[in-house]
Amino acid sequence: MHEMTITQGILDIALDSAEKSGASKINEVNLTVGSLSQVVPDCVAFYFEIMTKDTIAEGAKLNINFIEAKARCQACGHEFAAEDMIMKCPACGDILGELITGRELAVDSIDID
Amino acid sequence: MEVKVLKDILETNDNIAAANAAKFKENNVAVLNFMSSPGAGKTTLVIKTLEAMKRAGIPLAVIDGDIASSVDADRVAAFGVPAVQINTGGACHLDANMIRNGLDKVDLASIRLLIIENVGNLVCPAEFKLGEHKKVMLLSVTEGDDKPHKYPLMFSEADALVINKIDLIGSTNFDMEGFQKTIREMNPDVEMFIVSCTSGEGLEAWDEWVVKQVRELTG
Ligand SMILES: Nc1nc2c(ncn2[C@@H]2O[C@H](COP(=O)(O)OP(=O)(O)O)[C@@H](O)[C@H]2O)c(=O)[nH]1
Ligand SMILES: [Mg+2]
Ligand SMILES: [Zn+2]
């Protein structure tokens with residue numbers, strides 16, 4: 001729902017690093033997005049296409065590397081899916097799960113000319 | 001050619017939030033961020049809380065975030081408490097920069113508590129740090145007990161959860177025991193309060209919690 005803010009953030013970061021590398025064109029932008037980040041990929045892609053108009057990122061491909069939410073039990077070390085944010089360990093029953101992945105929202109790399 | 005970037009998209013917001021937090025610390029102000037869906041009772045709880053803070057002798061101010069209008073800030077200002085309205089211009093959440101700008105209109109030196117009422121939304125506000133000390137989430141029983149499954153992030157990040165409109169529970173199928181069990185499995189440390197902001201039921205414990213936060217955070 002806040003995809004416009006997020007997309008602006010992505011574009012700012014991409015243009016900034018492209019400029020630092022002296023690029024004339026951005027071909028691809030690679031993102032890491034955790035499943036808990038509540039970002040709708042199609043929505044980001046839509047805004048990205050609009051916002052990149054008349055920038056060196058116009059027409060660039062947006063690639064998203066999805067990361068599933070996972071927690072690790074602090075009692076027994078068991079790792080389990082945590083899409084629902086339930087931190088109860090399915091192995092030992094303690095409510096001691098600590099989220100290890102799922103909150104990512106980052107620009108990993110860009111492909112430039 | 002591929003160039004590594006490795007930059008968090010919310011980093012700019014997080015940096016401004018950290019600057020806001022430093023400002024709060026410098027001025028010795030405790031900050032609570034109220035979040036819920038529209039109509040859960042945020043403004044009503046703000047008003048109840050400011051009455052309690054008056055009794056406890058704790059000066060406070062309120063920042064009200066809304067997509068448009070200044071209705072909420074007007075409701076708060078009617079109680080003689082400084083209230084700043086931030087209109088997000090369509091954005092579904094407050095961000096740290098909006099708070100930074102809003103702080104220009106708040107005399108931080110004269111208060112010990114700042115309550116921020118976020119935009120009514122269970123999704124987006126959870127992602128944007130403002131520099132607050134505690135996240136307070138409200139859920140009214142009329143919204144249903146399945147909400148933690150639909151909006152897990154907000155429920156798992158809250159420091160306090162106010163379950164409001166308990167006066168209406170008889171006309172719903174809200175399963176309080178099952179709901180609280182789910183919340184405990186998501187967020188074992190969260191403080192829960194079962195209240196009615198209209199009848200006042202359960203608000204003593206809430207008021208005490210707020211006073212305790214102010215004492216602990218502002219020394
Ligand atoms: N029955 C009942 N109504 C409430 C309670 N708390 C708030 N309300 C009503 O719910 C409506 C929305 O409240 P408001 O504080 O404006 O919600 P906000 O949108 O979260 O700020 C108002 O009509 C309030 O009077 C409560 O505990 N019980
Ligand atoms: Mg309100
Ligand atoms: Zn375990």
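The values are calculated or read from the model by the stated rules, or taken from the named source; none is laboratory data. Predicted model only: the values in this text are computed from it and were never measured. Quick reminder, even Gly has a Cβ in these numbers, built from the backbone with ideal geometry, and neighbours come from all protein chains shown. Heads up: the accessible areas ignore ligands, DNA and RNA and are worked out on the full protein's heavy atoms, side chains in. Shrake-Rupley method; radii C 1.70, N 1.55, O 1.52, S 1.80 Å.
Has region A:8-15 got at least one residue that is modelled with pLDDT under 95, surrounded by 13 or more Cβ atoms within 10 Å (Cβ to Cβ) and either over 20 Å from B:LEU10 (Cβ atoms) or of a type outside the set (Gly, Ala, Ser) (or both)? Scanning region A:8-15 turns up at least one residue that is modelled with pLDDT under 95, surrounded by 13 or more Cβ atoms within 10 Å (Cβ to Cβ) and either over 20 Å from B:LEU10 (Cβ atoms) or of a type outside the set (Gly, Ala, Ser) (or both). Number of residues in region B:92-113 that are closer than 27 Å to B:PRO148 by Cα and touching a strand residue (DSSP E or B) at 6+ places or on another chain (Cβ under 6 Å): the value is 1. Annotation: A:GLY77 fulfils all but one of (1) facing another protein chain (nearest Cβ under 10 Å); (2) over 24 Å from B:GLU11 (Cβ atoms); (3) surrounded by fewer than 16 Cβ atoms within 10 Å (Cβ to Cβ); the unmet one is (1). Here B:LEU168 meets the list (1) open to solvent by 30 Å² or more (accessible area, probe 1.4 Å); (2) closer than 23 Å to B:LEU153 by Cβ almost entirely, failing just condition (2).
Scan region B:1-18 for residues that are part of a helix (DSSP H, G or I), open to solvent by 30 Å² or more (accessible area, probe 1.4 Å) and within 14 Å of another protein chain (Cβ to nearest Cβ) and jot them down. Write out each step before concluding.
Quick first cut of region B:1-18, residues part of a helix (DSSP H, G or I) only: B:11-18.
Okay, now just the ones that are also open to solvent by 30 Å² or more (accessible area, probe 1.4 Å), so B:11-12, B:14-15, B:18.
B:GLU11, B:THR12, B:ASP14, B:ASN15 - these are the residues of region B:1-18 that are part of a helix (DSSP H, G or I), open to solvent by 30 Å² or more (accessible area, probe 1.4 Å) and within 14 Å of another protein chain (Cβ to nearest Cβ).
If you go through region A:80-113 and keep only what is within 7 Å of chain B (Cβ to nearest Cβ) and of a type in the set (A, V, I, L, M, F, W, C), you end up with A:MET85, A:ILE86, A:MET87, A:ILE95, A:LEU105, A:ALA106, A:VAL107, A:ILE110, A:ILE112.
Taken together, the residues in region B:44-90 that are polar (S, T, N, Q) and either within 16 Å of ligand 3 (Cβ to nearest atom) or buried (at least 21 other Cβ atoms within 10 Å of the Cβ) (or both) amount to 2.
Quick grid of which residues meet (1) within 16 Å of ligand 1 (Cβ to nearest atom); (2) modelled with pLDDT under 95; (3) under 16 Å from the mean Cα position of the chain (by Cα):
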site: A:ILE26; (1), (2), (3): no, no, no
site: A:THR32; (1), (2), (3): no, no, yes
site: A:VAL44; (1), (2), (3): no, yes, yes
site: A:ASP54; (1), (2), (3): no, no, no
site: A:ALA60; (1), (2), (3): no, no, no
site: A:ALA82; (1), (2), (3): no, no, no
site: A:ILE86; (1), (2), (3): no, no, no
site: A:PRO90; (1), (2), (3): no, no, no
site: A:THR101; (1), (2), (3): no, no, yes
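Give region B:87-123 a look and list any residue that's free of Cβ contacts under 8 Å to residues at least 24 places away in the same chain, under 17 Å from B:ASP72 (Cβ atoms) and in a helix (DSSP H, G or I), or say none. If the condition is that a residue be free of Cβ contacts under 8 Å to residues at least 24 places away in the same chain, under 17 Å from B:ASP72 (Cβ atoms) and in a helix (DSSP H, G or I), then B:LYS105 is the only one that fits.
Give me a count of the residues in region B:19-33 that are part of a helix (DSSP H, G or I) and open to solvent by 10 Å² or more (accessible area, probe 1.4 Å). Walk me through it before giving the result.
Step one: list which residues in region B:19-33 are part of a helix (DSSP H, G or I), which gives B:19-26.
Those still in the list that are open to solvent by 10 Å² or more (accessible area, probe 1.4 Å) too: B:19, B:21-23, B:25-26.
Residues in region B:19-33 being part of a helix (DSSP H, G or I) and open to solvent by 10 Å² or more (accessible area, probe 1.4 Å): 6 in total.
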